[in-house]
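The values are calculated or read from the model by the stated rules, or taken from the named source; none is laboratory data. Just so it is clear, the structure is predicted and the values come from calculations on it, not from any experiment. Note that each Cβ is placed from the backbone with ideal geometry, even for glycine, and that neighbours are counted across all protein chains shown. The accessibility values were calculated without ligands, DNA or RNA, using every heavy atom of the protein model including side chains. Shrake-Rupley method; radii C 1.70, N 1.55, O 1.52, S 1.80 Å.
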Amino acid sequence: MMPLIGSAEHGQSSVYSTADVAQAWDVACAGACGDLKEVIVEQFIPVESEITLLTVTQQNGPTLFCQPIGHVQKGGDYRESLQPAAISPEMLKDAQDMAEKITRALTGAGMWGVEFFLSHKEGVIFSELSPRPHDTGMVTLAGTQNLSEFELHCRAVLGLPIPEIKQERRGASSGIRSEVESHGAPKYSGEEEVCAATNTYLRMFGKPEAHVGRRMGVVVCWDKLDADQESLRNKCKALARKVKVY
């Protein structure tokens, strides 16, 4: 159960029996944004992986799609992402059809982060969407595409043409999370080692305070399209762990 309007993992809980319902309702209401006391109830289903399909709606042009982004979430929050994700052509077509129908119904021009679960048993299952550039899409800052998700969003909102979205290289991203509380300006260590790594960018968000689990920045890495994805993923995660907040 989760609030109808919330942020990240706030207000989410699992219900295993009728005895859990009242507490789950209270948790969802406490984590809701605003005074709207409505909740979403979801069912447990067997899934193998998750993807984000960055979808671009234009003022005067067709809906466009980036290559799917695989991502890992823990506690309802993004930890790492990979582009392009391994997905069958049939599943990708289903995801694109759903994303186009949903974004067309919502109307507007810009970038949408549309998330799906992939299940061998159930197929492609819509999860949620964000009407903006998506946290998992920060992998595009690694130059995985000819235009990053932020550049695509800007063009779409301004009504500028987007001739194509082209996959340029393989990429991985990994979030930098704080392990401490800091109510003043946080300080960091380990940036030099990350910046010295090849084919790597470090992006810090400049947040004024640190809280345990708060995402403070991101490391993005890239390689050729035919490079080994798991090696790139492990490199990115290892580099992100080197940055410490204190």
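What chymotrypsin sites (Phe, Trp or Tyr not before Pro) does the stretch 37-116 have in DSSP loop regions with at most 12 other beta carbons within 10 Å?
On the way: sites: Phe44, Phe65, Tyr78, Trp112, Phe116; in loops: Phe44.
Filter output for the stretch 37-116: Phe44.
For the stretch 1-64, the percent of C-alpha pairs falling in each 10 Å distance bin, counted from 0 to the bin holding the largest distance, reads 20, 33, 26, 17, 4, 0.
For the stretch 1-127, with equal point scatterers placed on the C-alpha atoms only and solvent neglected, what are the log10 I(q)/I(0) values from the Debye formula at q = 0.10, 0.18, 0.19, 0.21 1/Å, to two decimals? Log10 of I(q)/I(0), two decimals: -0.38, -1.08, -1.15, -1.24.
Give the carbon-plus-sulfur fraction of the accessible surface of the chain in %, rounded to a whole number; probe 1.4 Å, heavy atoms of protein chains only.
Values: 6830 of 13000 Å².
It is 53 percent, rounded to a whole number.
Spatially, the stretch 1-60 and the stretch 181-216 are offset by 29 Å when compared through their Cα centroids. Remark: the stretch 124-224 carries a charge dipole of roughly 160 debye about the Cα centre, counting +1 on each Lys and Arg Cβ and -1 on each Asp and Glu Cβ. Each Lys and Arg adds +1 at its Cβ and each Asp and Glu adds -1 at its Cβ; summed about the Cα centre, the chain shows a dipole of about 660 debye.
Can you list which of the DSSP-assigned H helices in the chain have a Cα extent of 18 Å or more along the long axis and an average Kyte-Doolittle score of at least -1.0? Please list the in-between numbers first.
Working: long enough: 89-106 (26 Å, -0.60); 229-242 (20 Å, -1.31).
Length and hydropathy pass: 89-106.
Normalising the average separation of contacting C-alpha pairs (under 8 angstrom, six or more residues apart) by the number of residues puts the relative contact order of the stretch 109-246 at 24 percent. For Lys187, the solvent-accessible surface computed with a 1.4 Å probe is close to 120 Å², ligands and nucleic acids excluded.
Across the alpha-carbon set of the stretch 146-188, the Rg to Rh ratio works out to 1.23, Rh being the Kirkwood radius. So if we plug the beta-carbon distance of Ile102 and Glu230 into 1/(1 + (r/R0)^6) with R0 = 41 Å, what FRET efficiency do we get, rounded to 0.05? With R0 = 41 Å, the Cβ-Cβ based efficiency is 0.85. Simple spin-label estimate for Arg203 and Glu181 gives 3.0 nm between the two label positions (7 Å along the Cα-to-Cβ direction from each Cα). Relative contact order of the chain, taken over Cα pairs closer than 8 Å and 6 or more residues apart, is 16 percent. Take the chain with all the other protein chains still there, run a 1.4 Å probe, and you get 53 Å² of accessible area per residue. For the chain, the mean residue ellipticity at 222 nm estimated from helices alone is -7000 deg cm²/dmol, where every DSSP H run of n ≥ 4 contributes -39500 (n - 2.57) and the total is divided by all residues, rounded to the nearest 500.
Dividing the convex hull volume of the alpha carbon atoms of the stretch 116-157 by its residue count, what do you get in Å³ per residue?
Numbers: hull volume 4.0 nm³, N = 42.
About 95 Å³ per residue, rounded to a whole number.
Please report the orientation-averaged projected area of the stretch 121-202, defined via the convex hull of its C-alpha atoms, in nm². Please list the in-between numbers first.
On the way: hull surface 38.3 nm².
For the stretch 121-202, the mean projected area of the Cα convex hull comes to 9.6 nm².
Across the options Pro161, Thr52, Leu118, the greatest Cα extent toward the positive end of the charge dipole of the chain (unit charges at beta carbon of Lys, Arg, Asp, Glu) belongs to Pro161.
Just flag the GluC sites (Glu not before Pro) in the stretch 120-161 sitting in loop per DSSP whose Cβ has no more than 12 other Cβ atoms within 10 Å.
Values: sites: Glu122, Glu128, Glu149, Glu151; in loops: Glu122.
Here the sparse-neighbourhood loop sites are Glu122.
Here the label points at Phe44 and Glu164, each 7 Å from Cα along the C-beta direction, are separated by 4.7 nm in the simple model. For the stretch 59-188, the ratio of Cα radius of gyration to the globular rule of thumb 2.2 N^0.38 Å stands at 1.15. Shown here is the pair-distance distribution of the stretch 106-246: with all Cα-Cα distances grouped in 10 Å bins from zero up to the longest one, the shares run 11, 31, 35, 20, 3 percent. Among the listed options (i) 51, 19, 14; (ii) 58, 23, 15; (iii) 28, 26, 18, the one matching semi-axes √(5λ) of the Cα gyration tensor in Å as calculated from these coordinates is (iii).
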